[in-house]
Structure formats: C-alpha cells, structure tokens
1. As a test of the formula, what do you get for the chain when each DSSP H run with n ≥ 4 contributes -39,500 (n - 2.57) and the sum is divided by the residue count, at 222 nm and rounded to the nearest 500 deg cm²/dmol?
2. Relative to the longest principal axis of the C-alpha atoms of the chain, give the angle of the C-alpha long axis of helix 65-76, reported between 0 and 90° and rounded to the nearest 10°.
3. Could you state the angle between the C-alpha long axis of helix 6-18 and the longest principal axis of the C-alpha atoms of the chain, as a value from 0 to 90 degrees rounded to the nearest 10?
4. Would you calculate the separation in nanometres between label points at residue 82 and residue 100, each defined as 7 Å from the Cα along the Cα-to-beta-carbon direction?
5. Here are some values of Cα Rg over 2.2 N^0.38 Å: (1) 1.48; (2) 1.32; (3) 1.26. Which one was computed from this structure?
6. Springs between alpha-carbon pairs under 10 angstrom, Gaussian network model over the chain: which of 40, 18, 119 fluctuates most?
7. Could you work out the relative contact order of region 41-101, using alpha carbon pairs under 8 angstrom and six or more residues apart, expressed as a whole percent?
8. For the pair residue 38 and residue 108, what calculated FRET efficiency results from E = 1/(1 + (r/R0)^6), where r is the Cβ-Cβ distance and R0 = 35 Å, to the nearest 0.05?
C-alpha cells in the first residue's frame, strides 16, 4: 500500500472494509490469506476498477456466507450493468431487476424482481421452486 497516495490509500482501505477486511488485514500478504479472503479481495479489486459492465458466472459458488454478504453489499451499490448467472435464489432475489429465464419452450424476459417473476409464473411454479 506504500505506493498509493493518501487519497488512493483511503479508497483502497474503504473498498477492503466493504469486503469485510479489518485494518489488521490490510498489510497481510496475499499468500497468507484464506481462499474466501482471496475471493473477497478480488471482488474488491474488480469493484475498484469501476467497469461499466460486469459479467459473473455463479459468483457465490465457493464463497463462505461472510464473503457472499460482502459481495452482495458491494454489488448493491454498483452503478454499472451487472449480468449474472446464479442458482443462489437469495442472491438473485437481492440484486436482480430483470430476469431472463431460459426454458425448453423459449426464453422468458421479465422486467422486475425475482419474487415478482415467481409470482407472475403462478403458484404452481412457486411451489416447485420452493421444494427444490
């Protein structure tokens, strides 16, 4: 972190804090942090690059609950376009504002939350989704 300007260091520390790193963790070598911490660090780095679009394939796979919560918080404030594939219903419910569901009968394009999408599909689908 010594190569960062004071303002830049604060931005990095803020991003790491949002990824649930403590001030004690800031100076640690990447070689000694856990896999979950490495995942959180990479998501923090990605957020800091401020891309206009992020594509994520199963972003919550292989993350512990703490890492999922940190990722979720970071993505809730992400100003760009986020396109993701996920089987994590809680993650989808918390972030999705448009659902594209690929069914054998064709593609369903729904503008709205995941809960609204489930309601629009009728109670029969909701029951089968809840049992899975």
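1. Details: 6 runs with 62 residues, N = 132.
Mean residue ellipticity at 222 nm (helix-derived): -14000 deg cm²/dmol.
2. 80 degrees
3. Relative to the chain, helix 6-18 is tipped by roughly 40 degrees.
4. Distance between label points: 1.7 nm.
5. (3)
6. Comparing 40, 18, 119 in the GNM, the peak value goes to 119.
7. Details: 44 pairs, mean separation 26.2, N = 61.
About 43 percent, as a whole number.
8. Numbers: r = 36 Å, r/R0 = 1.03.
For residue 108 and residue 38, the calculated efficiency is 0.45.
Rule-based calculations on the coordinates, nothing more; no lab input. Note that this is a predicted model, so its numbers are computed, not measured. Every residue, glycine as well, gets a Cβ built from its backbone with ideal geometry; the counts of neighbours run over all protein chains shown.
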